[in-house]
1. Would you tally the residues in region 366-415 being of a type in the set (Val, Ile, Thr) and in contact (Cβ under 8 Å) with a residue 60 or more places away in the chain?
2. Among the residues of region 123-165, how many are among the polar types (S, T, N, Q) and in a helix (DSSP H, G or I)?
3. Being surrounded by fewer than 14 Cβ atoms within 10 Å (Cβ to Cβ) and under 17 Å from Phe65 (Cα atoms) is the filter here; which residues of region 248-260 pass it?
4. Please enumerate the residues belonging to region 314-365 that are among the hydroxyl-bearing types (Ser, Thr, Tyr) and either in contact with a strand residue (DSSP E or B) (Cβ under 7 Å, 6 or more places away or on another chain) or more than 24 Å from Ala447 (Cβ to Cβ) (or both).
5. For Ser197, work out the one condition from (1) closer than 30 Å to Ile83 by Cα; (2) surrounded by fewer than 16 Cβ atoms within 10 Å (Cβ to Cβ) it doesn't fulfil.
6. Do we find a residue being crowded, with 20+ Cβ neighbours inside 10 Å, modelled with pLDDT under 95 and closer than 27 Å to Phe314 by Cβ anywhere in region 418-440?
7. Please work out which residue is modelled with the highest pLDDT, limiting yourself to region 55-66 and to residues that are farther than 25 Å from Asp206 by Cβ and not acidic (Asp, Glu).
Amino acid sequence: MKFNKNFFSAVVLYLFYTAINLTNGYLPDFFAHINKGSMLYANMWEHFLQGNFLIDPEHTRMEYFVLGDDKFTVYYGFFPAFIRGFFDVFLVNIYKYNFNNLSILAALFISIFFLYRTFVKLELFSGKAQVYSVMFFIALFLASPVVYITGWGWMYNEPIIWGFAWAVSYISLFFLWVFKPEERNLKTGILMGLCVSMAILSRIIDAVIPVLSFGFLVIKAVYDFYSRKDKTCLKAISGGIVLCLFFGGFTLKINADRWGNPFVFQQFDKNIQVIDNPERLAGFHKEGMWNINRLPASFKYYFIPSQQNFRAEFPFIDVDRELTIIKEHPYYDLIMSSRIPLTLSALFLLVFAILGIYRFRKLNKKEKIYLIPLILAGLLQYFALLIYGGITLRYSIGFIFLIILLAMIFLIVESRIPQLIEKPKFLYLSLIVFMVSLYINFFTMLAYKHYIWDISPNTREFIGKIINYEPKKEHIRLIKHNTDCIKFSP
């Protein structure tokens with residue numbers, strides 16, 4: 001892969017822009033602002049060196065689980081602790097620095113690198129598709145849920161963005177495996193196995209697509225070995241299998257130590273908030289953590305705009321703080337009253353994804369066989385998120401992976417058989433949708449930051465002036481077990 005100084009200069013500018021967002025415009029705070037997330041993952045690493053997966057609860061802002069007397073843990077993925085472990089080699093006290101921000105930038109760089117590598121090898125940056133490929137890149141990182149998740153370096157967001165990074169990197173490698181047969185080698189297999197493993201260690205819901213599709217590759221490779229005496233794919237994927245077994249075993253060890261069961265990733269009844277509020281546990285026992293009856297309401301939350309998403313005054317777009325679209329629906333343990341549907345926040349990518357469904361039929365049979373398990377895994381992830389007991393703006397990033405891979409299918413087919421991209425009218429319409437998507441997400445990112453509770457009053461007031469919004473009591477809440485929970489006062 002050739003080094004493109006123009007592309008990587010743009011990446012540096014993007015990361016600089018993200019760093020400004022993470023520090024609310026004050027870059028000296030990049031390492032200096034010690035928040036609960038930076039303390040938590042440092043604490044996780046310290047306990048790991050002591051031979052356990054516990055934490056000290058004062059670092060978690062009431063987001064810990066009680067395992068017994070003086071035994072506490074969290075459900076967050078372990079990968080961010082590895083970042084602290086790396087710096088622990090060079091620094092005396094990793095508690096003194098905020099590595100959340102740097103960790104998020106590193107995750108973004110990794111996802112960009114693997115995507116760029118795939119686009120170059122598939123020649124998507126050349127020919128008539130190049131303009132649309134560039135728009136895809138910009139839209140993914142500046143006109144999708146990624147932009148508002150990376151606008152806030154917090155204990156929730158860091159594992160979310162790492163889950164995103166490893167899943168996107170895996171999808172990029174998978175596309176090389178499918179569309180570039182010469183890339184079916186040991187190097188690609190090892191990288192795929194690494195992405196699968198780290199996705200599991202980052203955020204298990206984001207590992208659905210990597211785990212299931214990689215499992216399909218393993219099954220197919222074994223089938224080819226025994227039925228066709230073809231060991232090419234099995235040899236290529238063997239290194240990835242070894243990595244998955246090793247880190248999969250590590251994950252099972254974490255779960256066993258935390259919950260007493262290697263196949264459990266959290267136990268709701270041990271959450272300190274549930275212990276302090278028994279009605280939440282009663283609601284969980286009644287409705288379940290997973291309930292198919294939530295499908296319609298959850299779909300509305302994540303995909304259907306409401307009147308509250310639009311207004312006559314600048315900036316004309318807003319997050320839905322009133323949640324009229326979700327009221328009087330099946331029980332949820334948690335509803336976050338800050339909502340913008342993916343039909344707005346990922347508008348450009350969603351249009352390309354829909355076109356990708358249409359263009360899928362132009363792929364050859366072998367390519368379809370490889371991609372169908374990937375798509376089915378994406379649909380399964382959608383299903384899991386839609387029936388889950390909590391709905392919140394940050395979870396919407398879990399819906400982005402299926403959109404990404406379908407949009408990439410559109411670009412690949414169009415680069416082979418130009419149809420839409422040859423039409424000037426399609427280019428003009430694409431540019432309009434692209435610019436609208438950038439606009440929507442910029443103000444969504446500001447509105448999301450305005451909502452959170454750990455920014456200074458001055459920062460909140462400044463953002464409020466930009467987005468032309470003053471908080472009202474009914475807008476700044478979470479809903480837990482059908483009960484309003486005020487986050488901060490106006």
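The values are calculated or read from the model by the stated rules, or taken from the named source; none is laboratory data. Computed from a predicted model, the values in this text were never measured in an experiment. Positions of Cβ are generated from backbone atoms using ideal geometry, with glycine treated the same way; all protein chains shown enter the neighbour counts.
1. Pass one, region 366-415, residues of a type in the set (Val, Ile, Thr): 369, 372, 375, 387, 391-392, 397, 400, 403-404, 409, 412-413.
Filter once more, keeping what is in contact (Cβ under 8 Å) with a residue 60 or more places away in the chain: 387, 391, 397, 400, 403-404, 412.
Of the residues in region 366-415, 7 are of a type in the set (Val, Ile, Thr) and in contact (Cβ under 8 Å) with a residue 60 or more places away in the chain.
2. Summing the residues that are among the polar types (S, T, N, Q) and in a helix (DSSP H, G or I) in region 123-165 gives 3.
3. If the condition is that a residue be surrounded by fewer than 14 Cβ atoms within 10 Å (Cβ to Cβ) and under 17 Å from Phe65 (Cα atoms), then Gly260 is the only one that fits.
4. Across region 314-365, the qualifying residues are Tyr331, Tyr332, Ser337, Tyr358.
5. Evaluating Ser197 over (1) closer than 30 Å to Ile83 by Cα; (2) surrounded by fewer than 16 Cβ atoms within 10 Å (Cβ to Cβ) leaves (2) as the failure.
6. no
7. Val66
Conditions tested, residue by residue: (1) hydroxyl-bearing (Ser, Thr, Tyr); (2) surrounded by 14 or more Cβ atoms within 10 Å (Cβ to Cβ); (3) farther than 18 Å from Leu374 by Cβ.
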| residue | (1), (2), (3) |
| --- | --- |
| Ile219 | no, no, no |
| Phe225 | no, yes, yes |
| Asp230 | no, no, yes |
| Leu234 | no, yes, yes |
| Leu243 | no, yes, yes |
| Phe246 | no, no, yes |
| Pro262 | no, yes, yes |
